[in-house]
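See structure below.
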């Protein structure tokens, strides 16, 4: 099942599960100071591999969904998107601030 995330309105990424090899798991668990550089490189690779670009069509679809669940605002309200996470089934959670108050909307 695909999962998507946005922390900036109109910008989406697909969150991809990264399977680690036994060697990678061992490296991440290592307490050996000599492994520090390799650990940092692996963490960077995992982070990069876990995020995938979204097609413009999918981005448009997700933005439309976001706009449909985004709370209605008064003219003087200050809105800030924290993040929105959406599953392939269009279920998800929107975290935002309205006038400094944190709101969480599940859909």
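Considering region 52-64, the residues that are surrounded by 16 or more Cβ atoms within 10 Å (Cβ to Cβ) and in contact with a strand residue (DSSP E or B) (Cβ under 7 Å, 6 or more places away or on another chain) include one that is farthest from residue 3 (Cα to Cα), namely 59. Summed over region 31-68, residues that are in a loop (DSSP other than H, G, I, E, B) and within 14 Å of residue 11 (Cβ to Cβ) total 2.
All of 69, 78 fail the test of being farther than 13 Å from residue 6 by Cα, modelled with pLDDT of 95 or more and exposed (fewer than 15 other Cβ atoms within 10 Å of the Cβ), apart from 78.
The values are calculated or read from the model by the stated rules, or taken from the named source; none is laboratory data. Not measured: the values here are computed from a predicted model. Using ideal geometry, Cβ is built from the backbone for each residue, glycine included, and neighbour counts are taken over all protein chains shown.
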